[in-house]
Protein chains: 2
Amino acid sequence: MWRVEIRLAGAGGQGLGLAAVVLAEGALLSGFEATMTQAYGPEARGGASSADVVISDSPIAHPRFEQPAFLLVLNQKAWSRFARQISENTLALIDAQLVHPAEVVPRLIALPFEQIARDELREKIAANMIAVGVIAHLTRHISLEMLERAVESRSPERARRTNREAVRRGWALASATIANA
Amino acid sequence: MWRVEIRLAGAGGQGLGLAAVVLAEGALLSGFEATMTQAYGPEARGGASSADVVISDSPIAHPRFEQPAFLLVLNQKAWSRFARQISENTLALIDAQLVHPAEVVPRLIALPFEQIARDELREKIAANMIAVGVIAHLTRHISLEMLERAVESRSPERARRTNREAVRRGWALASATIANA
């Protein structure tokens, strides 16, 4: 039995709830169980937002969140809040331009999610889906085909095409640069 | 400090995920904290779906789900699955036409959610939002004004008007018939 916990953190408006839904649905379509939890609170209004995904090959009775295998952080405020949850089992993925960690953490990868989204996809907001593609690849449990199907079914129509491109871009980015992270 | 747990259960396609989001957002706008958790699994594909909401006046560190104060059940399959979670502190709300409990449970209210949605709102799918209106009223922590604002911001545009009517209808139903449940 395996269980992978993923925390996505950043600002409200960076689309982390949708990112979590797409990861959960991609895992489901790949034959696994998943839960997705989103927190709503004054902090979310104030600019810090987070969503959690748990993926497992067995039913998830309690979506209790213990220790993220992956922590995605897309803004500095979220970094300040969540950096302390990083253990040696956590791979931290941060936006290279938006997050500047003062702490030394065991496993950290900085990627220019927002810059790629802006320069290559002409949609800054698609940074979330590039990150989804990276994380899905790194879990080794979600197939690209199922991830694309998930992103198509869950994205609003106007964003469908860009979001599909973005997860493919993220997937390729992970394959090329960090597959052994 | 208080904490209210709500489980929404039924079939995939009955819109329980959106119902959970609207309750969580309504609580947020009313000044509280909330989390919403949705499970994705083979069971969801097979027709059973559930979503959980936790509302509190304090930050919810772990959205662990212990004992629902409210359990909404919109189909028989979900009843079979979740009826055993009912304790004396749980108010079970079931669809009067779609669920036929064999068990005796301490506190049970059967309401014709789907029938009202179909006959009065001409949209069977709006049964979920009638239930949201009922539950929001019963929690005593969410205001109708904030609930309406939540449903407007979270519904797809084509469903916005019907969903707002539906939460108002549910709110009125709770006021009229079960406010002291």
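When the stretch B:150-163 is filtered for residues that are open to solvent by 30 Å² or more (accessible area, probe 1.4 Å) and within 21 Å of B:PHE32 (Cβ to Cβ), the ones remaining, listed by number, are B:GLU152, B:SER153, B:ARG154. B:THR177 falls short on exactly one of the conditions (1) β-branched (Val, Ile, Thr); (2) in a loop (DSSP other than H, G, I, E, B); (3) surrounded by fewer than 17 Cβ atoms within 10 Å (Cβ to Cβ), and that condition is (2). Please indicate, with yes or no, whether at least one residue in the stretch A:155-164 is at pLDDT 95 or above and either under 16 Å from the mean Cα position of the chain (by Cα) or among the acidic types (Asp, Glu) (or both). Looking through the stretch A:155-164, at least one residue is at pLDDT 95 or above and either under 16 Å from the mean Cα position of the chain (by Cα) or among the acidic types (Asp, Glu) (or both). Out of curiosity, is B:LEU93 in a strand (DSSP E or B) and within 20 Å of B:ASP52 (Cβ to Cβ)? Answer is yes for this residue. Taken together, A:ALA176, A:ALA117, A:ALA136, A:ALA150 contain a single residue that is modelled with pLDDT of 95 or more and farther than 26 Å from A:PHE65 by Cβ, which is A:ALA117. Assess whether A:LEU91 counts as being within 14 Å of chain B (Cβ to nearest Cβ), touching a residue at least 40 places away in the same chain (Cβ under 8 Å) and within 18 Å of A:ALA176 (Cβ to Cβ). Answer is no for this residue.
Tally up the residues in the stretch B:1-16 that are under 16 Å from B:HIS137 (Cβ atoms) and crowded, with 24+ Cβ neighbours inside 10 Å, please. Please lay out each step first, then the result.
Let us first name the residues in the stretch B:1-16 that are under 16 Å from B:HIS137 (Cβ atoms), namely B:4, B:6, B:8.
Adding the requirement that they be crowded, with 24+ Cβ neighbours inside 10 Å leaves B:6, B:8.
Counting residues in the stretch B:1-16 that are under 16 Å from B:HIS137 (Cβ atoms) and crowded, with 24+ Cβ neighbours inside 10 Å gives 2.
Residue count for the stretch A:7-40, restricted to those that are under 20 Å from B:VAL54 (Cβ atoms) and in contact with a Phe, Trp or Tyr (Cβ under 8 Å, 6 or more places away or on another chain): 7.
Residues are listed down the side, and each one gets a yes or a no for (1) outside any loop (DSSP other than H, G, I, E, B); (2) more than 16 Å from the chain's Cα centre (by Cα); (3) polar (S, T, N, Q):
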site: B:ALA51; (1), (2), (3): yes, no, no
site: B:ILE60; (1), (2), (3): no, yes, no
site: B:SER80; (1), (2), (3): yes, yes, yes
site: B:ARG84; (1), (2), (3): yes, yes, no
site: B:HIS100; (1), (2), (3): no, yes, no
site: B:GLU103; (1), (2), (3): no, yes, no
site: B:ILE109; (1), (2), (3): yes, no, no
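The set of residues from the stretch B:115-149 being crowded, with 23+ Cβ neighbours inside 10 Å and either of a type in the set (Phe, Trp, Tyr) or over 28 Å from B:GLY31 (Cα atoms) (or both) comprises just one member, B:ALA117.
The condition (being open to solvent by less than 10 Å² (accessible area, probe 1.4 Å), more than 10 Å from chain B (Cβ to nearest Cβ), touching a strand residue (DSSP E or B) at 6+ places or on another chain (Cβ under 7 Å) and among the small types (Gly, Ala, Ser)) is satisfied by just one residue among A:ALA24, A:ALA19: A:ALA19.
From the list B:ALA102, B:ALA61, the one residue that fits, being within 14 Å of chain A (Cβ to nearest Cβ) and without any contact (Cβ under 8 Å) to a residue 12 or more places away in the chain, is B:ALA61. Taking (1) within 28 Å of A:ALA39 (Cβ to Cβ); (2) among the small types (Gly, Ala, Ser); (3) free of Cβ contacts under 8 Å to residues at least 40 places away in the same chain in turn, B:ALA78 satisfies each apart from (3).
Determine whether the stretch A:160-169 contains at least one residue that is over 15 Å from A:VAL22 (Cβ atoms) and in contact (Cβ under 8 Å) with a residue 24 or more places away in the chain. Quick ask: steps written out before the conclusion?
Quick first cut of the stretch A:160-169, residues over 15 Å from A:VAL22 (Cβ atoms) only: none.
No, the stretch A:160-169 contains no residue that is over 15 Å from A:VAL22 (Cβ atoms) and in contact (Cβ under 8 Å) with a residue 24 or more places away in the chain.
Is it fair to say A:ALA44 is at pLDDT below 90 and assigned to a helix (DSSP H, G or I)? Answer is yes for this residue.
When you scan the stretch A:137-146, how many residues do you find that are in contact (Cβ under 8 Å) with a residue 40 or more places away in the chain and in contact with a Phe, Trp or Tyr (Cβ under 7 Å, 6 or more places away or on another chain)? Let's see the steps before the verdict.
Restricting attention to the stretch A:137-146, the residues satisfying the condition of being in contact (Cβ under 8 Å) with a residue 40 or more places away in the chain are A:137-139, A:141-143, A:146.
Right, trim to in contact with a Phe, Trp or Tyr (Cβ under 7 Å, 6 or more places away or on another chain) and you get A:137-138, A:141.
So the answer is 3.
In the stretch B:105-114, how many residues are open to solvent by 20 Å² or more (accessible area, probe 1.4 Å) and either touching a residue at least 60 places away in the same chain (Cβ under 8 Å) or of a type in the set (A, V, I, L, M) (or both)?
Number of matching residues: 5.
The values are calculated or read from the model by the stated rules, or taken from the named source; none is laboratory data. Computed from a prediction, not measured in an experiment: that's the story for all the values here. Cβ sites come from the backbone with ideal geometry, for glycine too, and all protein chains shown count toward neighbours. Just so you know, the surface numbers come from the protein's heavy atoms only, side chains and all, with ligands and any DNA or RNA stripped out. Shrake-Rupley method; radii C 1.70, N 1.55, O 1.52, S 1.80 Å.
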